[in-house]
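Colleague: This is the structure I have questions about; it appears just below.
The values are calculated or read from the model by the stated rules, or taken from the named source; none is laboratory data. Since this is a predicted model, take the numbers as computed values, not measurements. Because the Cβ atoms are built from the backbone with ideal geometry, glycine has one as well, and the counts that use them run over all protein chains shown. Just so you know, the surface numbers come from the protein's heavy atoms only, side chains and all, with ligands and any DNA or RNA stripped out. Shrake-Rupley method; radii C 1.70, N 1.55, O 1.52, S 1.80 Å.
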Amino acid sequence: MRAWAVVENGAPLQEIELPTPVPTGTEVLLEVTHCGVCHSDLHVWEGSYDLGGGVTMSLKDRGVVLPLALGHEIVGRVVKLGPEAHGVAVGDQRIVYPWVGCGTCAACTSERDNMCLKPRSIGVFQNGGYATHVLAMHPRHLIDPGDIDPALAATYACSGITVYSAIQKVMPLPPEEPVVLIGAGGLGLQAIAVLRALGHRNIISVDVSAEKREAARLAGASQVIDGGGEDVAKRIIAAAGGKAGAIIDLVNGTASARAAFDALRKGGKLVQVGLFGGELKLPLPLMAIQALTVQGSYVGTPGDLRALVALAQAGTLQQLPIEEVPMPQADAALTRLRDGRVTGRLVLRAETA
């Protein structure tokens, strides 16, 4: 198979040839037709995360091995099944759930694969969708997109279930209760669409980019706020009509997390999703006195993906802006994302799609 892979961290992706996997057991081999370009890909490409205080976490130390084909937002066609793989057939088009683990622990067998302590995530610990082929561990990780545009369906495997899972962590809320979304990139626009599909009507979007704030407004945000400068928390409080009970930080950098925390009301919850990096110092007495919750949210489960696809198939989930890019231009697409020159989502399209 051909792959557009990270051979050296931070260096341009290279087109390389790799042995095409042969599925065994419950595995399923798919020919990739579409693969989203995600901010998480940037961290794998760069090879580290900023933990704040001058500390970084190396992905090499976490077990990431190069060369590696990036890409975890994948739609493909089934081309070959392992002898124990049942429930799909050659030629079926499927979304690939990428956040897989060992397959045998309590988390994996209860469909909380993303919580496995031995992750094998596609596009992180094994080759992903910036390639002609990809290997799924089990048919239960393959979801039928139906008549959903496959380029859009691919984004549901990460940006879609990431925001769906995060939103579930602040629910239930009355439809008029403010939900604050920090970040109006691909995740932020997807979160607006999911909230609206769930019947929520008070959505406040925060971003430093005027272009992205306008995209959020057009996507259905009730209010948009400039996320730059020193008074972001005050702007959030003013827009929400008081301190907010639900804030989802899709950036999750030092500045955004500080502003989000400072804007929380008593009993409020901050759900941290993004991987921008940095640190947040918490005033511990206030955590108890105000009964605050700061919770991380890592992607989602296969059940989240099925629920999200059902929303989309019901016609209630508004489509976010998608730009398709030929697969051989993967490096240019990743560079555009790194440079902040993307509104919505870039999706790589295979030459055979």
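Colleague: What's the angle, to the nearest 10 degrees (0 to 90), between helix 210-219's Cα axis and the longest principal axis of the chain?
Modeller: Here the helix axis deviates by roughly 80 degrees.
Colleague: So, one more: Around P12, what is the net charge, scoring Lys/Arg as +1 and Asp/Glu as -1 over all other residues with Cβ under 15 Å from its Cβ? Let's see the in-between values first.
Modeller: Numbers: positive: R336, R338; negative: E8, E15, D41, E46, D331, D339.
With Lys, Arg at +1 and Asp, Glu at -1, the neighbours total -4.
Colleague: Rounded, prolate or oblate for segment 204-317? Axes are the square roots of the Cα gyration tensor eigenvalues, ordered a ≥ b ≥ c, and the cut-off for rounded is a/c under 1.5. Please report the intermediate quantities before stating the final value.
Modeller: Values: a/c = 1.79, a/b = 1.29, b/c = 1.39.
Note, shape of segment 204-317 comes out oblate.
Colleague: Same structure, new question: Taking the Cα centre of the chain as the origin, how large is its charge dipole in debye, to the nearest 20, when only Lys and Arg (+1) and Asp and Glu (-1) carry charge on their Cβ atoms?
Modeller: On the way: 30 positive and 34 negative charges, 193 e Å.
Here the size comes out at about 920 debye.
Colleague: OK, next. Evaluate E = 1/(1 + (r/R0)^6) for T104 and E230, where r is the Cβ-Cβ distance and R0 equals 45 Å; express this FRET efficiency to the nearest 0.05. It would help to have the intermediate numbers written out before the result.
Modeller: Numbers: r = 50 Å, r/R0 = 1.11.
It comes out at approximately 0.35.
Colleague: Counting only protein heavy atoms and using a 1.4 Å probe, what share of the accessible area of segment 175-331 belongs to carbon plus sulfur, as a whole percent?
Modeller: That share works out to 54 percent.
Colleague: As I understand it, the value is the acute angle between the Cα axis of helix 186-197 and the longest principal axis of the Cα atoms of the chain; what does it come to in degrees, rounded to 10?
Modeller: So the helix axis and the longest Cα principal axis differ by about 80 degrees.
Colleague: Per residue, how much accessible surface does segment 112-256 expose to a 1.4 Å probe? Answer in Å², no decimals. If you can, show how the numbers build up before the last one.
Modeller: Working: 5220 Å² over 145 residues.
Averaged over the residues of segment 112-256, the accessible area is 36 Å².
Colleague: Can you compute the FRET efficiency between E211 and M287 using 1/(1 + (r/R0)^6), with r the Cβ-Cβ distance and R0 = 30 Å? Round to the nearest 0.05. Please list the in-between numbers first.
Modeller: Details: r = 36 Å, r/R0 = 1.21.
The value I calculate is 0.25.
Colleague: So if the hydrodynamic radius of the chain is defined as the Kirkwood radius over C-alpha pairs, what does Stokes-Einstein give as its diffusion coefficient at 20 °C and 1.002 mPa s, in µm² per second? Write down the numbers at each step before the final one.
Modeller: Values: Rh = 20.5 Å.
Calculated translational D: 104 µm²/s.
Colleague: Which links in K60/K281; K212/K234; K169/K266; K169/K243; K60/K212; K60/K169 stretch past 25 Å when you go from one Cα to the other? Please report the intermediate quantities before stating the final value.
Modeller: Working: K60/K281 27 Å; K212/K234 20 Å; K169/K266 17 Å; K169/K243 18 Å; K60/K212 33 Å; K60/K169 31 Å.
Over 25 Å apart, Cα to Cα: K60/K281; K60/K212; K60/K169.
Colleague: What net charge do the residues around A246 carry, taking every other residue with its C-beta under 10 Å from that of A246, with Lys and Arg at +1 and Asp and Glu at -1? Write out the running numbers ahead of the final one.
Modeller: Values: positive: K169, R265, K269; negative: E177.
Neighbour charge sum, excluding A246 itself: +2.
Colleague: OK, next. Could you identify which residue out of I16, I204, I248 has the top mean-square fluctuation in a GNM of the chain using Cα springs shorter than 10 Å?
Modeller: The residue that fluctuates most here is I16.
Colleague: Now for a different question. Of all DSSP beta bridges in the chain, what percent run antiparallel (nearest 5)? Walk me through the intermediate numbers first.
Modeller: Working: 33 of 60 bridges.
In the chain, DSSP labels about 55 percent of beta bridges as antiparallel.
Colleague: So if each residue of separation counts as 0.36 nm, and I subtract the Cα-Cα distance between M115 and R258, what length gain in nm does that give?
Modeller: Numbers: separation 143, 0.36 × 143 = 51.48 nm, distance 2.66 nm.
Length gained, M115 through R258: 48.8 nm.
Colleague: Could you calculate the FRET efficiency of E279 with A89 from 1/(1 + (r/R0)^6), where r is the beta carbon distance between them and R0 is 45 Å, rounded to 0.05?
Modeller: Working: r = 49 Å, r/R0 = 1.09.
Between E279 and A89 the formula returns 0.35.
Colleague: List the residues whose amide H sits under 5 Å from the amide H of L348, counting only those 5 or more places along or on another chain, with H placed 1.01 Å from N in the peptide plane.
Modeller: C35, G36, V37, V325
Colleague: Right, next: Picking from L13, T56, G91, whose Cα lies most toward the positive end of the charge dipole for the chain (charges on Cβ: Lys, Arg +1; Asp, Glu -1)?
Modeller: With unit charges placed on the Cβ atoms, the residue in question is T56.
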